[in-house]
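Visitor: Here's a structure for you.
The values are calculated or read from the model by the stated rules, or taken from the named source; none is laboratory data. The shown structure was predicted, so the numbers you read here are calculated from the model rather than taken from an experiment. Backbone-built Cβ (ideal geometry, glycine too); neighbour counts: all protein chains shown. To get the accessible areas, we keep the full protein, side chains included, count just its heavy atoms, and leave off ligands, DNA and RNA. Shrake-Rupley method; radii C 1.70, N 1.55, O 1.52, S 1.80 Å.
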Amino acid sequence: MSAFVNKAQKRFKVVFYNINNFTLQIRFTKMSKQNCKYWEKCYQKNAAHLEKFNHPPKGVKIAEDEDSNPSSNTVGEIEAFKRNSSPSNQKKMSISKDCETENTDAESTNLPGKRKEFDTTELRAEALGNIQGKNYMEILAKRIKFSVQAEYDELLRSNDFIRHKFLVEMPADFYSFWKFASNINPKSTGDEILEYFEKQFQLQLVGPFEFLSGRFHKAVIREPGDYLRHWRFFYDPPEFQTIFVRRDTGVHYGYWRDSPQEHHNILIARNDAMKNCVFEFIAGNAFDAFLYFLEKDFTSTPFTATLIANTQKSIQKFINTSEVKIEKLETLRKRRSANVVAKTLHEAGIVVPYDGKTQVGYRPLIVSNGELKQILDLFVKAGSSDDSSAVDNEDIKAAVIEKLQPIATAANIAMDECDFGTALELGIDLFCSGRRELHPLIQSLLVPAYTLLSRPQFIAISKAHLEQRKKSLKLSIFELDSK
């Protein structure tokens with residue numbers, strides 16, 4: 001049974017019932033009450049609801065009120081309905097309950113006993129309120145966390161983790177050295193290998209080595225900046241990445257990349273962050289760097305002499321039998337020196353594309369390194385950059401920054417004229433000063449310089465480092481898990 005509802009006059013509605021295609025039942029009702037939108041399917045027994053809305057009769061007979069005589073227009077509509085009640089037109093004339101529309105009385109929402117689920121507007125508002133509330137945000141947060149965890153787990157399955165988290169790729173000698181370390185005791189787990197080197201040689205294998213050991217598999221997921229700061233010492237520029245740390249000291253070794261894309265034949269440098277900002281190139285591969293450590297930085301005793309001798313023999317045997325291709329220090333250093341355009345305060349120098357014929361790519365600063373050091377030394381009178389006890393400190397700092405401003409302006413002009421190396425040199429020199437007051441100026445130089453040199457990874461590394469730059473020796477991301 002289907003129903004067709006049409007308005008006849010202002011005060012009347014005509015309801016047509018189509019039963020078995022031909023039989024017609026009609027009910028005329030006063031417009032003083034609205035029809036229930038659920039009509040014959042309404043199961044409400046609430047007296048207030050029945051009082052407010054019209055419902056169809058329980059029987060199928062015609063019921064007429066004394067003043068409910070239809071007008072001629074209404075009768076014409078009934079006749080039209082009869083003509084269109086053929087099986088072919090029945091579907092057109094039948095209107096389902098879901099397609100009916102009616103104006104809801106403004107007072108219906110305040111009617112006692114009125115149920116919200118029968119009011120489409122209120123039901124929609126309630127649904128929207130649910131998805132915008134705390135419960136929805138908790139569900140969304142869980143889904144996001146699950147997605148991040150799934151991505152993290154996928155990265156752990158390959159060495160893409162290193163490129164994704166540290167923004168660089170490792171050279172072949174790095175993986176060969178880990179293979180050598182694993183062969184010392186083939187049954188050792190990754191953590192046991194790290195513990196062996198730390199216990200026997202006071203040497204921590206850190207950064208990417210910790211990924212190979214499986215240590216990151218059990219770690220809490222951190223913010224991207226935390227991975228970039230992982231074992232990044234106070235004076236480490238973006239070009240440097242730590243792989244060896246002498247336990248409980250600022251002595252550390254790492255790969256030096258002039259471009260983040262470099263992953264073949266990379267020099268290894270050494271720095272003691274507790275002393276100064278100077279970096280020294282000491283090896284052309286991880287094996288020679290380890291041997292350098294045993295000779296220069298390892299504190300040997302009569303009891304460790306045999307251990308050191310056997311380890312040196314094992315390294316040479318592994319290199320010969322595994323046919324590991326490694327470059328020597330002097331070869332790599334000579335090759336790089338040919339491309340260095342300026343010797344910075346960290347003494348490693350910088351490498352940028354430079355055209356010798358047009359002299360485009362770099363121009364010297366308007367002051368020498370000696371003059372720049374003298375300006376930066378004025379900061380010493382102002383005390384530590386963390387010390388705010390002296391009243392006149394700010395005046396001294398402002399005076400130093402004022403002296404640096406013309407140098408920075410000249411570097412920016414050089415950068416505008418395609419001499420990108422000039423801004424890079426000054427940014428690195430100011431970074432080497434270690435003064436926190438200069439961090440904004442450093443960023444204003446390094447960000448555009450690295451951008452124009454197509455080294456965006458170094459922008460991310462420098463920003464992350466300057467946000468939380470510290471002289472502490474507790475620089476591991478795993479220290480965060482213990483807090």
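Visitor: Which percent of Cα pairs goes in each bin when the distances of region 156-338 are cut into 10 angstrom slices starting at zero?
Guide: Histogramming region 156-338 at 10 Å steps yields 9, 37, 40, 14, 1 percent.
Visitor: Provide, for q = 0.13, 0.18 Å⁻¹, the log10 of I(q)/I(0) from a solvent-free Debye sum over equal Cα point scatterers in region 342-483.
Guide: For the requested q values the scattering log ratios are -0.63, -1.07.
Visitor: Could you tell me which GluC sites (Glu not before Pro) in region 389-429 are loop residues by DSSP with no more than 11 other beta carbons within 10 angstrom of their beta carbon?
Guide: When the GluC sites (Glu not before Pro) of region 389-429 are filtered for loop state and at most 11 Cβ neighbours within 10 Å, GLU417 remain.
Visitor: Sum up the charges of everything whose Cβ sits under 12 Å from the Cβ of VAL447, counting Lys and Arg as +1 and Asp and Glu as -1, but leave VAL447 out.
Guide: Value of the local net charge: +2.
Visitor: Carbon and sulfur together cover what percent of the accessible area of region 156-338 at a 1.4 Å probe radius?
Guide: Values: 4120 of 8510 Å².
Carbon with sulfur: 48 percent of the solvent-accessible area.
Visitor: Mind checking the log10 I(q)/I(0) for region 205-282 at q = 0.18 Å⁻¹? Debye, one equal scatterer per Cα, no solvent, two decimals.
Guide: One equal scatterer on each Cα of region 205-282 leads to -0.78.
Visitor: How many percent of the accessible area of region 392-452 is carbon or sulfur, using a 1.4 Å probe?
Guide: 59 percent
Visitor: Let me ask something else. Can you pull out the trypsin sites (Lys or Arg not before Pro) in region 217-298 whose DSSP state is coil and whose Cβ has at most 11 other Cβ atoms within 10 Å?
Guide: LYS275
Visitor: Turning to a different aspect of this structure: From the C-alpha coordinates alone, can you work out the Kirkwood hydrodynamic radius of region 296-339, in Å?
Guide: Roughly 13.1 Å, rounded to one decimal.
Visitor: What is the Cα centroid distance between region 264-281 and region 438-474, reported in whole angstrom?
Guide: When both Cα centres are located, 18 Å separates them.
Visitor: Oh, and also: With every protein chain present, what is the per residue accessible area of region 156-338 (1.4 Å probe, Å²)?
Guide: 47 Å²
Visitor: Something else: Please work out the C-alpha center-to-center distance from region 302-343 to region 176-234 and express it in whole Å.
Guide: 20 Å
Visitor: Taking a probe of 1.4 Å, how large is the accessible area per residue of region 343-468, in Å²?
Guide: Dividing the accessible area of region 343-468 by its residue count gives 48 Å².
Visitor: List the relative contact order of region 156-338 as a percent without decimals, with contacts defined as Cα pairs under 8 Å and 6+ residues apart.
Guide: Taking the mean separation of contacting Cα pairs over the length of region 156-338, I get 20 percent.
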